[in-house]
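Some notes on the structure that comes next.
The numbers here are math on the coordinates, done by the rules we state, and not lab data. Please read all numbers here as calculations on a predicted model, not as lab measurements. For neighbour counting, all protein chains shown are included, and Cβ atoms are generated from backbone atoms with ideal geometry for every residue, glycine included.
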Amino acid sequence: MQLKVQPIDIKVGKYKVVLNTIDAKELGVNEGDRVRIRDHTTLTAIVDFTEDMITPGMIGLYHEVHEQLQKEWTETVEVEAADKPKSAYIIRKVMDGIKLSRDEIYDLIRDIVEENLNDIELAAFLTATYINDMTEDETEWLTKAMIDTGEQIKFDSTNIKDMT
């Protein structure tokens with residue numbers, strides 16, 4: 001579905017968009033679902049609904065999405081329903097008390113860092129790990145995944161030696 005872009009200059013801290021309820025029904029998405037937005041690049045965002053803020057035929061792009069797409073500005077974008085990320089199913093395993101593999105934990109942390117999960121999925125993961133303790137291996141893999149996917153500070157070891 002082609003929709004006209006309406007920038008919303010509000011920072012929400014993640015990739016989110018606003019659809020009119022009419023367009024959302026036509027796309028078959030519910031609030032909290034994801035849509036894939038294509039122009040010169042492709043981006044996945046979480047959906048909010050409105051009946052009056054955004055008119056049918058338009059998509060409201062919060063600051064983070066608009067900024068990402070604005071690199072090569074277009075007035076319209078292609079919008080389609082997107083599947084849940086693999087991590088949503090991994091979280092379900094944690095909720096069911098099933099232990100995770102190293103790869104599943106890395107996939108989960110990558111999706112968290114890339115903001116592919118909604119607030120409910122993040123809360124479910126935290127609650128599930130509180131109820132179903134992680135093994136020592138899972139805790140180690142989680143820590144390493146956070147280190148590998150996060151920002152790192154690199155120190156020049158020669159300067160450290162000079163400081164002593």
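Observations on the structure shown:
- Residue match in the stretch 95-113 (condition: within 30 Å of residue 5 (Cα to Cα) and aliphatic (A, V, I, L, M)): yes
- Among the residues making up the stretch 90-131, those that are in a helix (DSSP H, G or I) and more than 19 Å from residue 143 (Cβ to Cβ) are 92, 93, 95, 119, 120, 121, 123, 124, 127, 131.
- Verdict on residue 21 being farther than 24 Å from residue 85 by Cα and more than 19 Å from the chain's Cα centre (by Cα): no
- Scope the stretch 29-53; condition surrounded by 15 or more Cβ atoms within 10 Å (Cβ to Cβ), part of a loop (DSSP other than H, G, I, E, B) and out of contact with any Asp or Glu (no Cβ under 8 Å at 6 or more places or on another chain); matching residues: 29, 33
- Residues (over 24 Å from residue 114 (Cα atoms) and among the β-branched types (Val, Ile, Thr)) located in the stretch 4-32: 21, 22
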